[in-house]
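Undergrad: Just dropping this structure here.
The values are calculated or read from the model by the stated rules, or taken from the named source; none is laboratory data. As the structure is a prediction and not an experimental result, all values here were calculated from the model. Please note: Cβ atoms are built from the backbone with ideal geometry, for glycine as well, and neighbour counts cover all protein chains shown.
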Amino acid sequence: MGLAVSIEVLQSQRSNSQSMKLNDDGEDEIILNVECHFAQAKIGNCIFSLGDCVYVQGNEGKKDVGRIIEFFKTTDGENYFRVQWFYRVEDTVIKEVGSFHDKRRLFYSTVVNDNLIDCIISKVNVTQISPRVGLKVKSIASSDFYYDMEYCIDYSTFRTLVTVFPDNSLRIHSFSSSNLIEMESALQTAKSLGNSPSCDTYNAEFSLLDLYCGCGGMSTGLCLGAKLSSVNLVTKWALDSDKSACESLKLNHPETHVRNEAAEDFLELLKEWEKLCRQYEVDNVERTNRSRSETSRVPKHNDETEFEVSRIIDICYGDPNKTGKRGVNFRVRWKGYGSSDDTWEPIGGLSNCKESIRDFVKNGKKLKILPLPGDADVICGGPPCQGISGYNRFRNVDSPLDDEKNRQIIVFMDIVNLLKPKYVLMENVADILRFDKASLGRYALSRLVQMTYQARLGIIAAGCYGLPQFRLRVFLWGAHPSENLPQFPRPTHDVIIRYWPPPEFERNVVAYDEDQPRELEKALLLQDAISDLPAVKHNETSEEMSFKNPPETDFQRYIRSTQYEMVGSALDDTKKKENLLYDHRSYPLHEDDYARVCQIPKRKGANFRDLPGVVVGRDNVARRDLTEKQSVLPSGKPLVPDYAFTFEQGKSKRPFARLWWDETVATVLTFPSCHNQVVLHPEQDRILTLRECARLQGFPDYYRFCGTVRERYCQVGNAVAIPVARALGYALGLAVNKSNGNEPLLTLPQNFSHSNYFQFTEILPPP
């Protein structure tokens, strides 16, 4: 750059210390020939000191921002400075998806390297502020830049700078080895965050809102795991647009307020509910006498006949009467009529019923039928993104967020923004990091960070936590800046993760480092999960039956645990009831398919290629054997259907394929079709039963499902694997109790995966 450089000497003696210099390829080069260090450098007419924040010349004319932590001179006479970098949002994994962030916001980092001193352009003013959810940009003091969080590349982590530990000690993320940050500033930051542990958090009851809840796999697992770390996490509210899934969750969690509606309508309802609660704050507003017009009589459905309102029993947002007008509606019980005559009435049509509305709102607020901002401690959910699925041939590749099938991720974050919980956990398919340069995954991270939530993203394989199913999913933690950011649990079982994420997310796979010591249990196989279940036919119709056989493995003993044994407290006398086996029935096969399945050999690797009339060439393509007469079924259709040959150009071995006892299932899908999946039972002529699929997802045997058999399969296939959610719930509980570490991963206790509540508490070491 041709700038004149003069340096004031800090140390005159030679130094053997090493320095780092970042090469163009991103690798660090060790500079061994350091002669001495200095305190200041004069570049042009400006004097730069240790601790100054500066613009540094970057690639392609970009001006990067960093803090000077050392000046030194090499034996070759070259002058260097060591810089600790700040990240702009576009420098993080969020990239261009963070375009709506405040341009002045930076992220602290521990990334340090050495650069030639003439790369310094000028000083810049960078201010540290306390992270606060809902912080208005206008309230930030004027400066070139500010920062409130740290960014770490591992697990795409954004976190609060000051961490408080259970012994009330502080870990200060200092700016350099010179302790350029003052301890007083750190203490003030911690005080402003209110981040001091309290015994009140131990055994605390935390309320959970489960969005896109399905049949409740994610929330069930989270609550089970949190209980093991002494946090009583309770699913207070749940939401899904699938009616049968809502019925399943309600059946297993009768205490939960379950809403069957679209997430967009739920979001609008929450906004209107908050307004109603403020409007009808009966404790602080003196009631006025009911006027003559408040007769509780209203015309029913525009009829001239008036009916008297007995009481209001529910509320929704939308258009339940299909009138073309959307808004707040109340479900009304009419005086002299029963529940079958209840109707939905728009709020505008109940102007004469303010007392009835007031009573409903007052009672609803007391019972917390809907969460107000701050009521939900945890929000979890897996917003569906069918628009990125590999099974969707009509994906919007250019702009996935504009696809209505992907907009639920926006709604999810809008609900988080409204309710402002302490913790957030979002789940999604691995394609969220593969499709369109991971724009949807980056968007989710971006929204959390823009709301000043801490965030951490991990890629988890279900088989690593004690399931005979691989099932890879992405999980995103979010935490209020005053809370501890939960960790991801390290694997407990020896499962090889076969996944090649985009390079920017290679360090997000939850696994042990290659050089880390580990004691892992053997990977579970199909036999470990279902070998104890009684034999059933393909057209079995029984909803419940006895087990007949005793459990054969630790997994089977655990999965048979009663609800009392799972959670450590009695519910509806479950501990006194005889264990029964529910939903052990499969989707009945069509007559032709059943005939085909009966001819598939009962051995490992058997599939349609083993049927008569099929030949396989050296190119691994299956074709009809034209030298033999084609076998036909009693219906007249061919034994081997045409689609078996055309599926994946005839190279697939999945049509009519049997699983085997020593195998691991890839992923339980929403419907087990023998036409294109490996789903046949090893020794019985049928596809896997609903209960067998539920076990592969880790659902306890006491968990029941509602709806048609096909709907139940769909619920199980859509669910988050219970063991994964349970491990994450344990990590959440540690964070709630401020007993987790600052590193991104934690090691679960021994025998965690297959120990129920009582067994687990017995094996824990004494405090």
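Undergrad: I'd like to know if region 642-651 contains one or more residues that are farther than 30 Å from residue 704 by Cα and in a loop (DSSP other than H, G, I, E, B).
TA: yes
Undergrad: Would you pick out the residues in region 226-235 that are closer than 18 Å to residue 376 by Cβ and surrounded by 24 or more Cβ atoms within 10 Å (Cβ to Cβ)?
TA: 226, 231, 233, 235
Undergrad: Next question. Does region 205-219 contain any residue that is under 20 Å from residue 357 (Cα atoms), in contact (Cβ under 8 Å) with a residue 40 or more places away in the chain and among the aromatic types (Phe, Trp, Tyr)?
TA: No, region 205-219 contains no residue that is under 20 Å from residue 357 (Cα atoms), in contact (Cβ under 8 Å) with a residue 40 or more places away in the chain and among the aromatic types (Phe, Trp, Tyr).
Undergrad: Which residues, counting only those in region 339-367, are within 25 Å of residue 236 (Cβ to Cβ) and either of a type in the set (Asp, Glu) or assigned to a strand (DSSP E or B) (or both)?
TA: Result: 342, 344, 359.
Undergrad: May I pose another question? Report whether or not residue 606 is in contact with a Gly (Cβ under 6 Å, 6 or more places away or on another chain), more than 29 Å from residue 244 (Cα to Cα), at pLDDT 95 or above and surrounded by 16 or more Cβ atoms within 10 Å (Cβ to Cβ).
TA: no
Undergrad: Restricting the first residue to region 306-325 and requiring it to be touching a residue at least 40 places away in the same chain (Cβ under 8 Å) and assigned to a strand (DSSP E or B), which pairs with a second residue that is surrounded by fewer than 16 Cβ atoms within 10 Å (Cβ to Cβ) and of a type in the set (Ser, Thr, Tyr) meet a Cβ separation below 9 Å and a spacing of at least six or different chains?
TA: 313/339
Undergrad: What single numbered condition from (1) at positive phi; (2) surrounded by fewer than 20 Cβ atoms within 10 Å (Cβ to Cβ) fails to hold for residue 685?
TA: (1)
Undergrad: Further question on the same structure: So which of 741, 698, 733 is under 20 Å from residue 510 (Cβ atoms), in a loop (DSSP other than H, G, I, E, B), among the small types (Gly, Ala, Ser) and touching a Gly at 6+ places or on another chain (Cβ under 9 Å)?
TA: 698
Undergrad: Looking at region 646-677 only, could you name the residues that are surrounded by 21 or more Cβ atoms within 10 Å (Cβ to Cβ) and in contact (Cβ under 8 Å) with a residue 40 or more places away in the chain?
TA: Answer for region 646-677, where residues must be surrounded by 21 or more Cβ atoms within 10 Å (Cβ to Cβ) and in contact (Cβ under 8 Å) with a residue 40 or more places away in the chain: 655, 656, 657, 658, 659, 665, 668, 672, 674.
Undergrad: Here is a further query. If you scan region 490-545, which residues turn out to be of a type in the set (Val, Ile, Thr) and not in a loop (DSSP other than H, G, I, E, B)?
TA: Answer for region 490-545, where residues must be of a type in the set (Val, Ile, Thr) and not in a loop (DSSP other than H, G, I, E, B): 509, 530.
Undergrad: If you don't mind, there's one more thing I want to ask. Which of the following residues is within 27 Å of residue 246 (Cβ to Cβ) and more than 20 Å from the chain's Cα centre (by Cα): 690, 732?
TA: 690
Undergrad: Looking at (1) in contact with a Lys or Arg (Cβ under 8 Å, 6 or more places away or on another chain); (2) crowded, with 20+ Cβ neighbours inside 10 Å, can you tell me which one residue 330 breaks?
TA: (1)
Undergrad: Failed condition for residue 10, given (1) at pLDDT below 90; (2) under 44 Å from the mean Cα position of the chain (by Cα); (3) surrounded by 12 or more Cβ atoms within 10 Å (Cβ to Cβ), with all others met?
TA: Condition (2) is where residue 10 drops out.
Undergrad: For region 249-284, how many residues are under 30 Å from residue 566 (Cβ atoms) and among the acidic types (Asp, Glu)?
TA: Within region 249-284, residues that are under 30 Å from residue 566 (Cβ atoms) and among the acidic types (Asp, Glu) number 2.
Undergrad: Can I ask one more? Among the listed residues 107, 86, 81, which satisfies the condition of being buried (at least 21 other Cβ atoms within 10 Å of the Cβ), at pLDDT below 95, of a type in the set (A, V, I, L, M, F, W, C) and in a strand (DSSP E or B)?
TA: From the options 107, 86, 81, the qualifying one is 81.
Undergrad: Can you tell me which residue in region 541-559 is nearest to residue 590 (Cα to Cα), limited to those that are surrounded by fewer than 16 Cβ atoms within 10 Å (Cβ to Cβ) and of a type in the set (Asp, Glu)?
TA: Out of the qualifying residues, it is 543.
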